[in-house]
Amino acid sequence: MKIEGLTEDQILALVKRWKLGSPIDVLAFIGRADIPDEVKERVRNIRAWGSGVKAEAAAYREMQAQVIIEVAKLDKQRPNPMDPKEE
């Protein structure tokens with residue numbers, strides 16, 4: 001899988017370093033205090049096209065992918081997000 005040019009290994013490293021869960025927990029990500037509001041809003045703005053379980057599942061997968069994209073951007077700004085000395 002590739003998202004925005006990231007390899008699967010890079011994605012797995014981001015997920016682990018940022019403790020995003022497996023599968024990625026979008027609601028927990030949105031609830032985190034260390035994530036800027038504008039980033040959370042970009043994830044929230046993803047909507048299901050159509051109705052039904054398949055459309056909602058596809059939208060949730062898109063939200064998970066957006067979480068990865070946003071975390072990749074944040075990771076470049078803050079190399080060790082879980083280090084309390086950097087907060």
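The values are calculated or read from the model by the stated rules, or taken from the named source; none is laboratory data. Quick caveat: nothing in here was measured; it's all calculated off a predicted structure. Note that each Cβ is placed from the backbone with ideal geometry, even for glycine, and that neighbours are counted across all protein chains shown.
Among residues belonging to the range 4-32 that are among the basic types (Lys, Arg) and in a loop (DSSP other than H, G, I, E, B), point out the one that is nearest to residue 65 (Cα to Cα).
So in the range 4-32, the residues among the basic types (Lys, Arg) come out as 16-17, 19, 32.
Adding the requirement that they be in a loop (DSSP other than H, G, I, E, B) leaves 19, 32.
On the way: 19: 15, 32: 17 Å.
Looking at the filtered set, the residue picked out is 19.
Can you name the residue in the range 47-72 that is surrounded by fewer than 12 Cβ atoms within 10 Å (Cβ to Cβ) and not polar (S, T, N, Q) and is also farthest from residue 22 (Cα to Cα) among such residues? Break it down stepwise before answering.
From the range 47-72, those surrounded by fewer than 12 Cβ atoms within 10 Å (Cβ to Cβ) are 47, 49-54, 57; that's our starting set.
Within this subset, residues satisfying the condition of being not polar (S, T, N, Q) are 47, 49-50, 52-54, 57.
Details: 47: 22, 49: 25, 50: 27, 52: 24, 53: 21, 54: 20, 57: 16 Å.
Here the residue is 50.
For the range 29-67, what are the residues that are small (Gly, Ala, Ser) and farther than 21 Å from residue 77 by Cα? Talk me through it step by step, then tell me what you get.
Pass one, the range 29-67, residues small (Gly, Ala, Ser): 31, 33, 48, 50-52, 55, 57-59, 65.
Within the range 29-67, 48, 50, 51, 52, 55, 57, 58, 59 meet the criteria.
Quick check: anything in the range 54-65 assigned to a loop (DSSP other than H, G, I, E, B) and modelled with pLDDT under 95? Walk me through how you get there before you give the answer.
Within the range 54-65, the subset assigned to a loop (DSSP other than H, G, I, E, B) is none.
Within the range 54-65, none of the residues are assigned to a loop (DSSP other than H, G, I, E, B) and modelled with pLDDT under 95.
I'd like to verify a number: residues in the range 7-26 that are β-branched (Val, Ile, Thr) and closer than 17 Å to residue 76 by Cβ, how many? Give the steps one after another, and end with the answer.
Looking only at the range 7-26, we keep the residues that are β-branched (Val, Ile, Thr), and these are 7, 11, 15, 24, 26.
From the residues that got through so far, the ones that are closer than 17 Å to residue 76 by Cβ too are 7, 11, 15.
Qualifying residue count, the range 7-26: 3.
Look at the range 22-71 and say how many of its residues are among the hydroxyl-bearing types (Ser, Thr, Tyr) and either in contact with a strand residue (DSSP E or B) (Cβ under 8 Å, 6 or more places away or on another chain) or over 24 Å from residue 10 (Cα atoms) (or both). Before you say what the answer is, go through the steps one by one.
Residues of the range 22-71 among the hydroxyl-bearing types (Ser, Thr, Tyr): 22, 51, 60.
The next check asks that each one be either in contact with a strand residue (DSSP E or B) (Cβ under 8 Å, 6 or more places away or on another chain) or over 24 Å from residue 10 (Cα atoms) (or both); those that pass are 51.
The total comes to 1.
Look at the range 46-68 and say how many of its residues are under 17 Å from residue 3 (Cβ atoms), out of contact with any Phe, Trp or Tyr (no Cβ under 8 Å at 6 or more places or on another chain) and without any contact (Cβ under 8 Å) to a residue 12 or more places away in the chain. Step through it out loud before you land on a result.
Here is the first cut: in the range 46-68, the residues under 17 Å from residue 3 (Cβ atoms) are 46, 58-68.
Now restrict to residues that are out of contact with any Phe, Trp or Tyr (no Cβ under 8 Å at 6 or more places or on another chain): 46, 60-66, 68.
Going one step further and asking which of them are without any contact (Cβ under 8 Å) to a residue 12 or more places away in the chain, we end up with 61.
The qualifying residues number 1.
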